[in-house]
Amino acid sequence: MIPYGRQSISQGDIDAVTRVLNSPWLTQGPVVPQFETSVAAACGAEYAVACNSATSALHLACLALGVGPGDWVWTSPITFVASANCGLYCGAQVDFVDVDPASGNLCPLALADKLVEAAKTGTLPKVIIAVHLCGHSCDMQALAHLTRRYGISLIEDASHGIGGHYKQQAIGSCYYSDITVFSFHPVKIITAAENGMATTNNAALAKTMSQLRSHGITKLSDEMNRPDEGDWYYEQQALGFNYRMTELQGALGLSQLERLTEFVQQRNALAEVYHQRLSQLPLQWVDPLAGSVSARHLQMLRLDDPTLRRALFDRLRGQDIQVHVHYYPVYLQPYYQQLGFMPGHCPNSEDFYRRILTLPLFPDMTTSQQNWVCEALEAALI
Ligand SMILES: *Cc1c(COP(=O)(O)O)cnc(C)c1O
């Protein structure tokens, strides 16, 4: 089976993890902070907070921005469920903004309209979560223009996006947002086995997220209410979680980060081959914004004729090609339907969903594997 995505593990990665196994620290030691510093430097952000998943990083990001009961969190429907669930974890209500029909990213025009309506009814969101689908940046300038006008916080769900750029800024720089979240799940751009990280330029947000990541506890005496209790004393100041990354995972992530540029180049080169080779087929590519560089997590196409999708998917799967569909609109999930969402809520998202197919793309994909995928698509669609 040719997978749609897969990690690329080097001897350097294996050695880095082995070194930690032979060190005194498996959980909390020097490596995770090094990984945080390196990710922050790679994206030009002041702070980075490592977590045990992007899902937990999204949860902490919402909490740090003050999301709670009575608040609204908005995101787009073409995403993994975690981008919306994080709002529900905080006791907030979640709603969805329709996507741009070509990119599948949150549409600034749809957002502008929805904000006008929400302002009338006093239901403006506290936080908007912009998802960089495929690693292609959202139109952050347009989104930030709107969120700043209304005083709304902006989170980037860049689970697909580390290594990409938008208007000369690395994704994760938080130039347009309050917090950016990355995922290091094995199918993503770099992996730490699981895990995620939040970047920000705001010291207070970084401090809140790192405290909540570890039970709401501080071990720094200058942050304590009772600094004289004794050296054994740690102080719980909020209700937090165990969302920590381990040293083993941090070592893998740090080692993988060294190959980030190489991974992104390999992914873009493979995407270029697909584009050139399959340009005659009745389909459109889901492409990055002009002037931006995508990390190319997913190679997604849109079929001109959505009625072909199911048969094409089944046929390619039957030929050992693990095509995929990213994503079923979140609000059509039974859990969200039971919250009251109806089909038709975001028509562009539903149309986008019906047409899309994700092709295999990962750094170690061989030329013969890619030929096999192209030949199978040509045979099916010409
Ligand atoms: C993978 C993913 C997540 C969740 O990442 P985890 O690290 O698995 O928690 C969130 N949002 C998007 C868009 C994703 O693709």
Accessible area expressed per residue, the chain, with surrounding protein chains retained (probe 1.4 Å, Å²):
43 Å²
Sites Glu117 and Asp304 - FRET efficiency at Förster radius 35 Å, r taken between beta-carbons, to 0.05
0.60
Centroid-to-centroid separation of the range 320-371 and the range 137-176 [C-alpha atoms, Å]:
23 Å
Using DSSP, restrict attention to beta bridges with both residues in the chain and report what percent are antiparallel, rounded to the nearest 5.
60 percent
Cut-off 12 Å between beta-carbons: net charge of the residues surrounding Gly29, Lys and Arg +1, Asp and Glu -1
+1
If I build a Gaussian network model for the chain, linking alpha-carbon pairs within less than 10 angstrom, which residue out of Ala110, Ala118, Ala206 has the largest mean-square fluctuation?
Ala118
Cβ under 10 Å from His132's Cβ, His132 left aside: what net charge do those residues give with Lys, Arg +1 and Asp, Glu -1?
-2
Out of the total accessible area of the range 205-351 (probe 1.4 Å, heavy atoms of protein only), what percent is carbon and sulfur?
50 percent
Summing -39500 (n - 2.57) over the DSSP H runs of n ≥ 4 in the chain and dividing by its residue number, what mean residue ellipticity at 222 nm do you reach, to the nearest 500 deg cm²/dmol?
-11500 deg cm²/dmol
Semi-axes, largest first, in whole Å: what does sqrt of 5 times each Cα gyration tensor eigenvalue give for the range 1-43?
24, 17, 9
Using a Förster radius of 51 Å, what is the FRET efficiency between Ala380 and Lys167 based on their Cβ-Cβ separation? Nearest 0.05, please.
0.85
I'd like the carbon and sulfur percentage of the solvent accessible area for the range 1-141, probe radius 1.4 Å, heavy atoms only, ligands and nucleic acids excluded.
57 percent
Using a cut-off of 20 Å between alpha-carbon atoms, which lysines can reach Lys219, once sequence neighbours fewer than 8 places away in the same chain are excluded?
Lys207
By how many degrees, 0 to 90 and rounded to 10, does the Cα axis of helix 367-381 deviate from the longest principal axis of the chain?
50 degrees
Give the separation of the Cα centroids, the range 66-97 to the range 104-131, in Å.
12 Å
The summed charge of the Met365 Cβ neighbourhood (under 12 Å; Lys/Arg +1, Asp/Glu -1) stands at +2
Computed lengthening from Trp285 to Ile217, 0.36 nm per intervening residue step minus Cα-Cα distance:
19.7 nm
So for the chain, what percent of the C-alpha to C-alpha distances run longer than 31 Å?
37 percent
DSSP loop trypsin sites (Lys or Arg not before Pro) in the range 204-273 with at most 12 other Cβ atoms within 10 Å of their Cβ, which ones?
Lys219
As a percent rounded to 5, the proportion of antiparallel DSSP bridges among beta bridges in the range 99-256 is 60 percent
According to a simple spin-label model (label point 7 Å from Cα along Cα-to-Cβ), what is the distance in nm between Asp15 and Trp372?
3.2 nm
In a Gaussian network model over the chain where Cα atoms closer than 10 Å are linked, find which of Ala40, Ala144, Ala290 has the largest mean-square fluctuation.
Ala290
Share, in percent, of DSSP beta bridges within the range 103-190 that are antiparallel, nearest 5
20 percent
Stretched fully, the stretch from Gln337 through Arg226 gains (0.36 nm per residue minus C-alpha distance, one decimal, in nm) 35.2 nm
Leading residue at positive end of dipole, the chain (Cβ point charges), from Ala61, Gln141, Asn242:
Gln141
For the range 58-175, alpha-carbon Rg relative to the globular expectation (2.2 N^0.38 Å, N residues):
0.98
Principal-axis tilt of helix 31-43 within the chain, Cα atoms, nearest 10 degrees
60 degrees
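The values are calculated or read from the model by the stated rules, or taken from the named source; none is laboratory data. Predicted model, so just to flag it, every value in this text is computed and none were measured. Cβ atoms come from the backbone with ideal geometry, glycine included; neighbour counts cover every protein chain shown. Only protein heavy atoms, including side chains, enter the accessible area calculation; ligands, DNA and RNA are left aside. Shrake-Rupley method; radii C 1.70, N 1.55, O 1.52, S 1.80 Å.
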